[in-house]
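Read the figures in this text as sums done on the coordinates, not as results from a lab. Since this is a predicted model, take the numbers as computed values, not measurements. Using ideal geometry, Cβ is built from the backbone for each residue, glycine included, and neighbour counts are taken over all protein chains shown.
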Amino acid sequence: MKNTALTETHIALGAKMVPFAGFNMPVQYEGVNAEHETVRKSVGVFDVSHMGEFLIEGPKALELVQKVTTNDASLLTVGKAQYSCLPNDNGGIVDDLIVYRIKEDTYLLVVNASNIEKDWSWISSKNDIGAAMRNLSDDYSLLAIQGPKAVEAMQSLTSHDLSAIQFYHFVIGDFAGIEHVIISATGYTGSGGFEIYCKNTEVKQIWDKVFEAGAKFGIKPIGLAARDTLRLEMGYSLYGNDIDDDTSPFEAGLGWIVKFTKAFNNSDKLSEEKKGVLKRKLVAFELDDKGVPRSGYDIVDSEGNLIGKVTSGTMSPSLKKGIGLGYVAPEFSKFGDKINIQIRKNSAPATVVKLPFYK
């Protein structure tokens, strides 16, 4: 089990620690609902240093990024980021990721913690063009400072105007007394804020100064459990739950990150799939009555026939109702369609809704 550079800090703060993607991670501090509300209303900080970071450099960098990702990285200018995915050879997804253009010929790929080795091997296997690759995952830390008060709370820590950094843009500069920090207007919560990339040796100083600066704004540490409820309220897919090696981007509603303006791995097969009829679709649903849907629960029609599976589900702290994502047959995928979630012996009625759940 790996630790992050802040593991001892979390333990000292009384966090409940759990194994996650091979790391010892804080799942909660004071409780999921309270932490969730902190991020929705003020500002909270996640240690997500378990995420992976790959640097692709040199004259062949863009060519490799274009080859292994579905989105069009040629549209990125320096200082801009892009959500994308790595398609496999069978129409599924190796991983979803964010691509940053750091310099003219330098790209940073940020991947899921559980897939670091898998992704590195996959991209390496496709690198027959000689692009320079470096795996920085063990040397870098990542803090997600999220919430509507993030800009105001963190402005004193940098000379950059945080309010001027647009969504999915970033700057590299001073932050909390450290130079060359990536300050990225990205996140997984839907409540605004930043992600801060720094070296492991720098993250404790940054953590301490972040909490010092945010004290009067009610800043609190937030665990992975609230990260999951926050992302689900936005309908953001979680790798291993809602997307995996056997789900296609089109089934998962990620067609918007698949650009056929370029060739990429397995693009011919995905192009054919786009033209055809999907066998299933990922939908968002809300329970009509009380109940909590969970990953793995069956989705059935009014007659009790199996039509799909729940991939993510929770009791929404913001909406106070059961919400979830799941794959269903296409004929049950329209907004307003009625489905049923099999919660143990009970068939709980639910309605297919438009994302995000939380607006």
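Here are some notes:
- Selected from 124, 200, 266, residue furthest toward positive end of dipole (the chain; charges at beta carbon): 266
- Computed magnitude of the charge dipole of the stretch 52-135 (debye, nearest 20; Cβ of K, R +1, Cβ of D, E -1): 140
- The stretch 1-136, Cα convex hull volume normalised per residue, Å³: 138
- Gain in span if fully extended, residue 309 to residue 288, counting 0.36 nm per residue against the direct Cα distance: 5.8 nm
- Hydrodynamic radius of the chain by the Kirkwood approach over all distinct alpha-carbon pairs: 21.2 Å.
- For the stretch 277-353, the spherically averaged projection of the C-alpha convex hull amounts to 4.6 nm².
- The modelled label-to-label distance for the pair residue 215/residue 201, using points 7 Å beyond Cα in the direction of Cβ, is 2.9 nm.
- Across the stretch 198-277, Cα-Cα pairs farther apart than 19 Å form 62% of the total.
- Value of [θ]222 nm, deg cm²/dmol, for the chain, DSSP H segments ≥ 4, -39500 (n - 2.57) each, nearest 500: -6000 deg cm²/dmol
- Distance between the stretch 271-315 and the stretch 143-204 - C-alpha centres, whole angstrom: 36
- Relative contact order of the stretch 64-213, taken over Cα pairs closer than 8 Å and 6 or more residues apart, is 18 percent.
- Evaluated with a Cβ-only charge set (Lys, Arg +1; Asp, Glu -1), the stretch 277-353 carries a dipole of roughly 260 debye about its Cα centre, given to the nearest 20.
- Straight-line cross-link reach from residue 60 at under 16 Å between alpha-carbon atoms covers these aspartates and glutamates, not counting any fewer than eight positions away in the same chain: 72, 104, 105, 128.
- Based on alpha-carbon atoms, the Kirkwood radius and the radius of gyration of the stretch 28-70 give Rg/Rh equal to 1.31.
- Given +1 at the Cβ of Lys and Arg, -1 at the Cβ of Asp and Glu and no other charges, the dipole of the stretch 179-314 around its Cα centre is 400 debye to the nearest 20.
- Above 21 Å, the calculated P(r) of the stretch 151-255 contains 46 percent of its Cα-Cα pairs.
- Cα centroid separation, the stretch 11-50 to the stretch 83-130 (Å): 27
- Among the listed pairs 118/220; 274/338; 2/80; 290/338, those beyond 22 Å (Cα-Cα): 118/220; 274/338; 2/80
- Set of lysines near residue 216 by C-alpha distance (under 24 Å), chain-local residues within fewer than 8 positions excluded: 41, 149, 204
- With the gyration tensor restricted to C-alpha atoms of the stretch 136-191, the semi-axes of the equivalent ellipsoid amount to 17, 15, 11 Å, longest first.
- Where GluC sites (Glu not before Pro) fall in DSSP loop in the stretch 102-181, at most 13 other Cβ within 10 Å: 104
- In terms of packing, defined here as the mean over residues of other Cβ atoms within 10 angstrom, the peptides 254-260, 236-242, 225-231 line up highest first as 225-231, 236-242, 254-260.
- Overall dimensions of the stretch 200-359 by Cα: Rg and Dmax, Å: 19.1, 59
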